[in-house]
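Single-structure report; data block below.
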C-alpha cells in the first residue's frame, strides 16, 4: 500500500490512483459501499506525517471520520494540496541558473 505524508512535493492524485490499483490487485472493489470501511481503514493506515496528524486531528475535532473515499480525498486535497500547485510547478520548471558553467 502506498503512503502519503501530505508534503507539497507529493502528488495526491498519484497516491489515490496507486491505492485504487492496490485495491484492484487485492480484488477489492473500493466503490462498493460494503467495502468502503475496509478501504478507508487501509488508506488511513497509510497516512503519515502531516497527513496522518491532520486526519487524527480532524476525527478528534469533528467526532466522526469521513463517510467515504471521495470525501477523504476532497478533505486531503483541501488540507494538503496548495490551490496554486500547478502554477508553482510551472514557475519551478521555468527557473534556470545563469552564470553557471555547463557540466558537458
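Quick note: the coordinates plus some simple rules give every number you see, no bench work behind them. Computed from a predicted model, the values in this text were never measured in an experiment. Note that each Cβ is placed from the backbone with ideal geometry, even for glycine, and that neighbours are counted across all protein chains shown.
Computed over Cα pairs, the Kirkwood radius of the chain leads via Stokes-Einstein (0.692 mPa s, 37 °C) to a diffusion coefficient of 211 µm² per second.
Between residue 41 and residue 17, the contour length at 0.36 nm per residue exceeds the alpha carbon distance by 7.0 nm.
Using R0 = 30 Å, the C-beta based FRET efficiency linking residue 26 and residue 60 works out to 0.55.
Report, to the nearest 10°, how far helix 69-80 tilts away from the longest principal axis of the Cα atoms in the chain, using its own Cα long axis and a range of 0 to 90°. Once rounded, one gets 40 degrees. When the alpha-carbon atoms of the stretch 11-58 are used, the pair Rg, Dmax equals 11.3, 31 angstrom.
Computed from Cα atoms, the angle from the helix 12-25 axis to the main principal axis of the chain rounds to 50 degrees. May I ask for the angle, rounded to the nearest 10°, between helix 33-45 and the longest principal axis of the chain, with both axes built from Cα atoms and the value confined to 0 to 90°? Helix 33-45 sits roughly 50 degrees off the main axis of the chain. Here the label points at residue 3 and residue 93, each 7 Å from Cα along the C-beta direction, are separated by 2.8 nm in the simple model.
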